[in-house]
Amino acid sequence: FRDPAAFDRLLAEDLPELIRSSEGGELRFWVAACSTGEEAYSIAILVSELLGKDLSAYRIQIFATDIDLNAMAVARRGVYPESALAEMPVELLERYFIRREGSLEFNKSLRDLVVFARQDLVQDPPFLRLDLITCRNVLIYFQGSLQEQVLSTFHYALRPRALLFLGKSETAHQRDGLFESISREAKLFRRRIGDSRLPTQMLTSGSTLVAEPTVPVARDRKSVV
């Protein structure tokens, strides 16, 4: 829950809208460059808070990817030092974590909503038909042309009118024709309706475009449960 005001906005306005407009009770999220997993679990908590007892009636898929296998090993475990979560609201800690000798372990039932997989954000094809992509504090490390490529990939992956959530020092204005800003403070953008193409680099990489997790992702899911 880094940048609490931005996540408060997601909880109060944008996620409820996505839930209301969901097709067949399906919601698909992609946490790109998830690092050690905190943001993916934050999204899982927000969805659980909103749906409550109705959570099981929805098909929730949270894809969390990163290129760093060491970071993802931490993410899959879902165990963090208490000091790392010191700023989380106490009621959320009590509801979603189990204390284990100075550490906090994320609730297993929600952990099962998150599928972790290794992915190169620049070269590998994206997940498809997504309602929300979060990619926070990553684009700032890319040069302009690479930022444009990644933003094109996100536009291709999102459903029409779906959302992109960036870090507070980032923007999608490099590709104004693809996204419109809906909250400058929270760095939330909506996908504009229109044709979209996968970047040429991905079309020529030899990878197979996927709308569902590939076999390696399914294998990773076993390590989550």
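Could you count how many Lys pairs in the chain have their Cα atoms under 26 Å apart, skipping same-chain pairs fewer than 8 positions apart? Write out the running numbers ahead of the final one.
Working: K53/K108; K53/K222; K108/K222; K168/K187.
Close lysine pairs found across the chain: 4.
Pick out, in residue order, every one of the trypsin sites (Lys or Arg not before Pro) in the stretch 117-194 that is DSSP loop and has at most 12 other C-beta atoms within 10 Å; say none if there are none. Don't jump to the answer; show the numbers that get you there.
On the way: sites: R118, R129, R136, R161, K168, R175, R184, K187, R190, R191, R192; in loops: R129, R136, K168, R184, K187, R192.
Here the sparse-neighbourhood loop sites are R184.
Give me the percent of the accessible area of the stretch 57-119 that comes from carbon and sulfur atoms, probe 1.4 Å, all protein chains in place. Don't skip to the answer; put the middle values down first.
Numbers: 1660 of 3380 Å².
Roughly 49 percent, rounded to a whole number.
Using a 1.4 angstrom probe on the protein heavy atoms only, could you order D120, D68, D14 from most to least accessible area? Present the calculation step by step, with values, prior to reporting the outcome.
On the way: D120 35, D68 65, D14 5 Å².
Descending accessible area places them as D68, D120, D14.
So how much slack lies between R77 and E17, counting 0.36 nm per residue of separation and subtracting their Cα-Cα distance, in nm? Mind showing how you got there, number by number?
Numbers: separation 60, 0.36 × 60 = 21.60 nm, distance 3.10 nm.
Here the segment from R77 to E17 would lengthen by 18.5 nm.
Taking the Cα centroid of the stretch 1-40 and of the stretch 135-198, what is the distance between the two, rounded to the nearest whole Å?
15
Quick one: accessible area per residue over the chain, 1.4 Å probe, rounded to a whole number of Å²? Present the calculation step by step, with values, prior to reporting the outcome.
On the way: 11190 Å² over 225 residues.
Counting only protein heavy atoms, the per-residue value for the chain is 50 Å².
Can you give the longest run of the chain that contains no GluC sites (Glu not before Pro) sitting in a DSSP loop with at most 11 other Cβ atoms inside 10 Å?
Details: sites that count: E87, E101, E185.
Result, exposed sites excluded: 1-86.
Quick check on the chain: helices-only [θ] at 222 nm, where DSSP H runs of length 4 and up contribute -39,500 (n - 2.57) each and the sum goes over total residues. Nearest 500, please. Write down the numbers at each step before the final one.
Numbers: 9 runs with 74 residues, N = 225.
Counting only the DSSP helices, I get -9000 deg cm²/dmol.
Whole-Hz Karplus ³J(HN,Hα) for the stretch 99-113, in order, using 6.51 cos²θ - 1.76 cosθ + 1.60 and θ = phi - 60°, x for Gly and Pro?
Listing the rounded values in order: 7, 9, 6, x, 10, 10, 10, 5, 3, 5, 5, 7, 4, 5, 6 Hz.
Considering the chain as a Gaussian network with a 10 Å cut-off on Cα pairs, which listed residue, L198, L69, L92, attains the greatest mean-square fluctuation?
Looking only at L198, L69, L92, the largest GNM fluctuation is found for L92.
Looking only at the chain, where both bridge partners belong to it, what percent of the DSSP beta bridges are antiparallel (to the nearest 5)? Kindly include the intermediate steps, with their values, before the conclusion.
Values: 15 of 35 bridges.
Counting only bridges with both partners in the chain, antiparallel ones make up about 45 percent.
Name the residues of the stretch 124-141 whose amide N is less than 20 Å from a point 7 angstrom out from the Cα of S169 along the C-beta direction?
Only 134-141 fall inside the zone, counting backbone N under 20 Å.
Check T134: other-chain or 5+ apart residues with amide H under 5 Å from its amide H, H built from backbone geometry?
Distant-sequence amide H within range of T134: W30, V31, A32, F165.
Quick check on the stretch 1-102: of the DSSP beta bridges with both residues there, what percent are antiparallel, nearest 5%?
Numbers: 1 of 8 bridges.
Bridges in the stretch 1-102 are about 10 percent antiparallel.
The values are calculated or read from the model by the stated rules, or taken from the named source; none is laboratory data. Quick caveat: nothing in here was measured; it's all calculated off a predicted structure. Heads up, the Cβs are rebuilt from the backbone with ideal geometry, glycines too, and the neighbour counts pull from every protein chain shown. Surface areas here come from the heavy atoms of the whole protein model, side chains and all, with no ligands, DNA or RNA. Shrake-Rupley method; radii C 1.70, N 1.55, O 1.52, S 1.80 Å.
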